[in-house]
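**Q** Sharing a structure here in C-alpha cells format.
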Amino acid sequence: MTASVKIDISEDTILVGIAAAPGIAICRSHRVNRDRMDVVERRISSSEVEPELAAFRDAVVKSKLQLLEVKEQADGKELGEHLYIIDTHLLILDDDMLIGETVSLIREDLINAEGALNRVLRKLRRVFDRISDEYLRERRSDIDSIGDRLMRNLLGETRESLADIDEQVIVVAHDLSPADTIQIDKTKVIGFVTDIGGRTSHTAILARSLGIPAVLGLETVSSLVPDGTPMIIDGSSGTVILKPSTETFRDYLLKKQHYDYLESELLHYRNLPAETKDGHSLFLRSNVDFVDEILAAREQGAQGIGLFRTEFLFMSDEGAPTEEEQFAIYRSAVEQMEPFPVTIRTLDVGGDKFVPELNLSDEVNPAMGLRAVRFSLKEAKLFKTQLRAILRAAAFGPIRVMFPMISGVTEVRDCKQFLERERQELLAAGIDCGENLKIGIMIETPAAVLIADLLAREVDFFSVGTNDLIQYCLAIDRGNEHVAYLYEPMHPAVLQALLRVCQAAESAGIEVGMCGEMAGEDLYSLVLVALGFRELSMNAACISRVKRIIRQVELSEVKQVLDQLITLSTAEEIAAALQKEMHRRYPSIFTVEHV
Ligand code: PEP
Ligand code: MG
C-alpha cells in the first residue's frame, strides 16, 4: 500500500504533470483508492492446487461480470466507439498469456493463485516496458488495469466505483483504468488527476472524448492531496493548483469561462468547409491507429483518413494478421469513410516502434536501422500479404497506399514493383483490385527532401511525417527528453525542407499533405497553408481548431507571413515572430501567455 504522506499544503501549491485532456476544472478533490495491493507469494501443497485454481477462476468470472456491467451501464453515454476498450479487457481475460500461464504456475509450479498471477503480470509488464514507442508502451495500462481488477477480486478487496460519486468533485487517484473512466458521470466528476499515465494512454484518450479536463503523470498527487482539498486543474497546460488563493481562483474562473466559450464556438466549425476567406480549400483528415476510430473522426468533420498506422494490427499474440483479417479491416475502413479516401500506411515498425511479435533484431542504432519500408522489403511475405489486402480493399472505395521512411527512388520503385506483382496475381485469379489505388510516400528523411523532385515523378502524392523528419533533419531523437528542447518545428532548416517538398510536389503536379503532429497544431496552420499543403491529417479532435484558423484568413496574407518568417535565422526568432503574429490575428485564441 502507498502510505499517505501527511504534509501541510500551502496556498497556491502548483504541480505540473502531463496535459492529457484540455479544459479547466475548479472543485474539491475526491480521492479514489486505487493503491497497489499487498500480494504474498507462497508454495502450496498439491492438495491446495484445486482450491487455488477455483479461487482464481472465480476471480476471472467475477471480473468479466463486472466489466459486462460497466459496458451495459455505459451504453448510451457519448462513448460510442471507445466501448471497444471494455471488449479488449474482456478478451485479455481469455488470453492464454495471462490466464493460461497463471493456471500453469499454480498447477505445475505449485505457487498460490495471487503469487502466480503477480508473476505473470510482472512478466507482461516487462514486455510492454521494453517497447520504446509511447503509444504501444502505454497499452501496458490495459494489462495494469485488468490485472488490478483480477487481483482485487482474488483477494476479495472491493473497489470504489466512480459511478457511485454523487457530488461534483475532481477525482484524485494513483491511476484510473479505462473501465473507471467509462463509468464517470460528467456532471459529477468534472476533472481528474493521477500519479501515472501519459498523453496517449486509453484513459487520456477517453478523457478527451468525454471532454473532461485531466492531468496525468503527477507522480505523487494521490498521496499528497487529502480528500476535500480545493483545487484547480488546467488540462491544457498540465497544471494543478492546490488550495488556490482568492486571486488565483478569480483568474482561473475567467480563464475557464474563456475556454468554455471558445469550445462552444468550435462546434460551429464541424460541418463547415476548410477554406480560406478567398476560397482556397484544404482537406483536413484524421490520423487513426484502429478502425474503430473512424466513425468518431468522421463526426469531427474529417474528410478522409490521412494516416492509418497499421503497425497496431501486428501487435497480437497470434502474430501478424492474415490477408483476410487485414482485408476485412481495410475494407471496413474504406466503407466507413466513403466518399473520402483512406490512406493506409504499410507497416512502419522498427526504430521507436518495437513490436515484440515480429521478432525484430536488437540494433545499436534502431532509428537508422532496419525499419519501416526497409523491413517490409526484406520481409517479403509480410509485405505481400499486406499489399494484397490493401489492393483487394481498394475495390470497395478510395484507398491510398503510403510507404513510410523512403530514402531513395530505388526503394519507391521496389515497393511499386511488389505492389504491381501482387496486383497482377490477384487479377489473374479473377480478384478485383479497384482501379484507382493512389500510391504515395512519406517524406520523413532529409534524403527524401533533397530529392523530392525525383521522387515526385514516381508517385501520386507526398505526405510529410514531421515527427520523423524533424528528428532526422535536426539530429534529435524524438523520444529523448534531454534534447526535447531542440525539437523545434520552426527551425529554419525544417521550414526550408517543407518549402522544398511543397515546391517539388507543385512542379510535378502531385498532391502534398502532412500527417505529423505539427499538422494538428493550430499555431502552425497559417504557415502550412502558405507553404502549399493541401491536406493536413491530425488527431480528429484538432480538426475544428485548425479549421477555425484557416477560415479567417486570405491566402495572400498568409504568404506574406511566411515570406517574413523565412528571412529569420533562428528557430527562436521564427517561433517568436509567429506567436506574435498569431496573437495579433487571433487575440482570443493565442493569448499573451503564448507570446
Ligand atoms: C511522422 O513521423 O511524422 C509520422 C506521422 O509517423 P510516425 O509518428 O508514426 O512515425
Ligand atoms: Mg514516422
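**Q** For segment 46-155, which whole percent of the accessible surface, found with a 1.4 angstrom probe, sits on carbon and sulfur atoms?
**A** On the way: 2530 of 5050 Å².
It is 50 percent, rounded to a whole number.
**Q** Hey, another quick one. Over the chain, what is the relative contact order in whole percent, taking alpha-carbon pairs under 8 Å and six or more residues apart? Each step should come with its number before you reach the end.
**A** Details: 1124 pairs, mean separation 81.1, N = 595.
With pairs under 8 Å counted, the relative contact order is 14 percent.
**Q** Shifting gears a bit: Roughly what percent of Cα-Cα pairs across segment 272-411 reach past 19 Å?
**A** Every Cα pair in segment 272-411 considered, those over 19 Å come to 54 percent.
**Q** Also: Enter the accessible area of residue 409 (Å², nearest 10), with the probe set to 1.4 Å and all protein chains included.
**A** Its heavy atoms expose roughly 30 Å² to the probe.
**Q** Let me ask you something else. Convex hull over the Cα atoms of the chain, averaged projected area in nm²?
**A** Details: hull surface 113.5 nm².
Mean shadow area of the hull around the Cα atoms is 28.4 nm².
**Q** Calculate, in whole percent, how much of the Cα-Cα pair population of segment 328-478 lies beyond 20 Å.
**A** On the way: 5714 of 11325 pairs.
In whole percent, the long-distance tail amounts to 50.
**Q** Same structure again: With all protein chains present and a 1.4 Å probe, how do 258, 89, 280, 268 order by accessible area, largest first?
**A** Values: 258 65, 89 0, 280 30, 268 115 Å².
Result, largest first: 268, 258, 280, 89.
**Q** For residue 57, what charge total do you get from the other residues with a beta carbon under 14 Å from its beta carbon, if Lys and Arg give +1 and Asp and Glu give -1? Intermediate results must be reported in sequence, preceding the final value.
**A** Values: positive: 62, 64, 107; negative: 50, 52, 58, 94, 114.
Summing Lys/Arg as +1 and Asp/Glu as -1 gives -2.
**Q** Follow-up question, since we're still on this one. Determine, from the Cβ-Cβ distance of residue 158 and residue 482 and an R0 of 30 Å, the FRET efficiency 1/(1 + (r/R0)^6), rounded to the nearest 0.05. Mind dumping the intermediate values first?
**A** Details: r = 43 Å, r/R0 = 1.44.
For R0 = 30 Å, the calculated efficiency reads 0.10.
**Q** Where Rh is the Kirkwood radius over the Cα pairs of segment 511-573, the temperature 4 °C and the viscosity 1.567 mPa s, what D in µm²/s does Stokes-Einstein return? Walk me through the intermediate numbers first.
**A** Working: Rh = 12.2 Å.
Translational diffusion coefficient: 106 µm²/s.
**Q** Shifting gears a bit: Please calculate how many Å² of accessible area segment 274-566 carries per residue, with a 1.4 Å probe and no DNA, RNA or ligand atoms counted.
**A** It amounts to 39 Å² per residue over segment 274-566.
**Q** So, in nm, how far is label residue 554 from label residue 246 when the simple model puts each one 7 Å beyond its Cα toward the Cβ?
**A** Distance between the two pseudo-spin positions: 5.1 nm.
**Q** Continuing with the same structure: How high is the relative contact order of segment 375-486, in percent, counting Cα pairs under 8 Å that sit 6 or more residues apart?
**A** Details: 148 pairs, mean separation 29.0, N = 112.
The normalised contact order for segment 375-486 reaches 26 percent.
**Q** Two decimals is fine: what is log10 I(q)/I(0) at q = 0.19, 0.21 Å⁻¹ for segment 46-155, from a Debye sum with one equal scatterer on every Cα and no solvent?
**A** With one equal scatterer per Cα and no solvent, log10 I(q)/I(0) is -0.97, -1.11.
**Q** In the structure displayed, which of 256/559; 123/378; 256/580; 64/123; 277/580 lie more than 25 Å apart, Cα to Cα? It would help to have the intermediate numbers written out before the result.
**A** Details: 256/559 34 Å; 123/378 31 Å; 256/580 23 Å; 64/123 22 Å; 277/580 22 Å.
Cα-Cα > 25 Å for 256/559; 123/378; rest within.
**Q** Residue 338: net charge of surrounding residues, Cβ under 12 Å, Lys/Arg +1, Asp/Glu -1, itself excluded? Kindly include the intermediate steps, with their values, before the conclusion.
**A** On the way: positive: 298, 331; negative: 335.
Combined, the nearby Lys, Arg, Asp and Glu give +1.
**Q** In whole percent, and with a 1.4 Å probe on the protein chains, what portion of the accessible area of segment 490-547 is carbon and sulfur?
**A** Details: 770 of 1720 Å².
Carbon plus sulfur share of accessible area: 45 percent.
**Q** With no solvent and one equal point scatterer per Cα, compute the Debye intensity ratio I(q)/I(0) for segment 439-595 at 0.10, 0.14, 0.15 Å⁻¹ and report its log10, rounded to two decimals.
**A** Here the Debye-derived log intensity ratios amount to -0.34, -0.69, -0.79.
**Q** Here is a further query. Which value in nm describes the separation of the simple spin-label points at residue 295 and residue 9, placed 7 Å from the Cα toward the beta carbon?
**A** 4.0
**Q** Under the rule of -39500 (n - 2.57) per DSSP H run of 4 or more residues, summed and divided by the residues of the chain, what mean residue ellipticity at 222 nm is obtained, to the nearest 500 deg cm²/dmol? Mind showing how you got there, number by number?
**A** Details: 23 runs with 260 residues, N = 595.
One gets -13500 deg cm²/dmol as the mean residue ellipticity at 222 nm.
**Q** Given the protein chains as shown and a 1.4 Å probe, how many square angstrom of residue 99 are accessible, to the nearest 10?
**A** Here the residue's solvent-accessible area equals roughly 30 Å².
**Q** Evaluate E = 1/(1 + (r/R0)^6) for residue 280 and residue 580, where r is the Cβ-Cβ distance and R0 equals 25 Å; express this FRET efficiency to the nearest 0.05.
**A** Details: r = 24 Å, r/R0 = 0.95.
Once the sixth-power term is evaluated, E becomes 0.55.
**Q** Solvent-accessible area of residue 123, probe 1.4 Å, all protein chains present, reported in Å² to the nearest ten, please.
**A** Accessible surface of residue 123 is approximately 90 Å².
**Q** Considering only protein heavy atoms, with the full assembly of protein chains and a 1.4 angstrom probe, order 381, 559, 580 by accessible area, largest first. If you can, show how the numbers build up before the last one.
**A** Working: 381 165, 559 90, 580 135 Å².
Descending order: 381, 580, 559.
**Q** Could you estimate the translational diffusion coefficient of segment 405-452 from the Stokes-Einstein equation, with Rh from the Kirkwood formula over C-alpha pairs, at 25 °C and 0.890 mPa s, in whole µm²/s? Could you put the intermediate results ahead of the total?
**A** Details: Rh = 12.2 Å.
For these conditions, the coefficient is 201 µm²/s.
**Q** A further question on this structure: Given +1 on the Cβ of Lys and Arg, -1 on the Cβ of Asp and Glu, and no further charges, what dipole in debye does the chain carry about its Cα centre, rounded to the nearest 20?
**A** Details: 66 positive and 95 negative charges, 161 e Å.
Here the size comes out at about 780 debye.
**Q** Take the alpha carbon atoms of segment 274-566, find their radius of gyration, then divide it by 2.2 N^0.38 Å using N residues; give the quotient.
**A** Values: Rg = 18.5 Å, N = 293, 2.2 N^0.38 = 19.0 Å.
Computed over Cα atoms of segment 274-566, the ratio equals 0.97.
**Q** Another question about this same structure. Sorted by accessible area with a 1.4 angstrom probe, largest first, how do 331, 413 fall? Show your work: numbers first, answer last.
**A** On the way: 331 85, 413 135 Å².
Reading off the accessible areas and sorting them downward yields 413, 331.
The values are calculated or read from the model by the stated rules, or taken from the named source; none is laboratory data. On a predicted model such as this, the values are computed, not experimentally measured, just so you know. Glycine also receives a Cβ, built like all others from the backbone with ideal geometry; neighbour counts cover every protein chain displayed. Heads up: the accessible areas ignore ligands, DNA and RNA and are worked out on the full protein's heavy atoms, side chains in. Shrake-Rupley method; radii C 1.70, N 1.55, O 1.52, S 1.80 Å.
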